[in-house]
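The values are calculated or read from the model by the stated rules, or taken from the named source; none is laboratory data. Just so we're clear, the structure is a prediction, and the values are computed from it rather than from any experiment. For neighbour counting, all protein chains shown are included, and Cβ atoms are generated from backbone atoms with ideal geometry for every residue, glycine included. In case anyone asks, the SASA skips ligands and DNA or RNA and just uses the protein heavy atoms, side chains included. Shrake-Rupley method; radii C 1.70, N 1.55, O 1.52, S 1.80 Å.
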Amino acid sequence: MAQLKLRIKKVSMKKPVTKELGFATRVLTNGTAEFDDIVKEAGHNTTMHKAELRMAFELCMDSVTDMLKQGYIVDLGPLGKIYPSCSAGWYEKEEDMKLSDVKPQLYYRAGDEVEAAIKSAKLVWAKAGEEEEEEEEGDDTPTPTPDPGDQGGGSGDQGGGGTTPPSGGGGVDQN
């Protein structure tokens, strides 16, 4: 398989702490792989009809959804794992921590093959025409959200939705 090439765009953004205007980066994606496209591609070179494959895939997604709603870590094989997490910030004293400051969220940990492909991607600056083309297509890629504790002004999380991995405590197995 060819090496992944990610087109990077410079975006204007305010630094959360100082409100200073600066710049961050974001990936220009190659579009969205729709559910129907995935089903069609998955059915190549099989004897399964796309309706059978769609039904099986939807049943699996229903199970994944149910397991996440019950607080389970969901292992999606080579794709990776999705699991409940939370973020709350850092406190010097335990008694300063309030449950109202904790925000539940989901965390995705990519499988080894997916992570290796992304980390080894060749990064290139997007050309002006590419930027306009993607925006016209209704780009729904999330705008980079810098870590509130980030003092650097850049965006540390590119495309992860701003989620924070769970800490060592809390009984969540990250493997």
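What chymotrypsin sites (Phe, Trp or Tyr not before Pro) does segment 49-120 have in DSSP loop regions with at most 12 other beta carbons within 10 Å? All intermediate terms of the calculation are to be shown ahead of the outcome.
Values: sites: Phe57, Tyr72, Trp90, Tyr91, Tyr107, Tyr108; in loops: Tyr72, Trp90, Tyr91.
Sparse-neighbourhood loop chymotrypsin sites (Phe, Trp or Tyr not before Pro): Trp90, Tyr91.
How far apart, in nm, are the 7 Å Cα→Cβ label points at Met67 and Asp37?
About 2.6 nm separates the two model spin labels.
Taking all protein chains in place and a 1.4 Å probe, what share, in percent, of the accessible surface of segment 24-118 do carbon and sulfur account for?
Ligands and nucleic acids excluded, carbon and sulfur give 58 percent.
Roughly how much of Arg109 is accessible, in Å² to the nearest 10, using a 1.4 Å probe?
Taking all protein chains as shown, Arg109 has close to 80 Å².
Given the Cα-Cα distance of Tyr91 and Leu106 and 0.36 nm per residue of separation, how much length would full extension add, in nm?
Length gained between Tyr91 and Leu106: 3.2 nm.
For the pairs Lys10/Lys50; Lys10/Lys93; Lys14/Lys127; Lys14/Lys103; Lys81/Lys119; Lys19/Lys122, note any where the Cα-Cα span goes beyond 29 Å. Mind dumping the intermediate values first?
Working: Lys10/Lys50 40 Å; Lys10/Lys93 39 Å; Lys14/Lys127 23 Å; Lys14/Lys103 23 Å; Lys81/Lys119 17 Å; Lys19/Lys122 32 Å.
The pairs that break the limit, which is 29 Å between Cα atoms, are Lys10/Lys50; Lys10/Lys93; Lys19/Lys122.
For a quick check of your reading of the filter: which GluC sites (Glu not before Pro) in segment 51-125 sit in a DSSP loop and have no more than 10 other Cβ atoms within 10 Å? Don't jump to the answer; show the numbers that get you there.
On the way: sites: Glu52, Glu58, Glu92, Glu94, Glu95, Glu113, Glu115; in loops: Glu92.
Those satisfying the criteria are Glu92.
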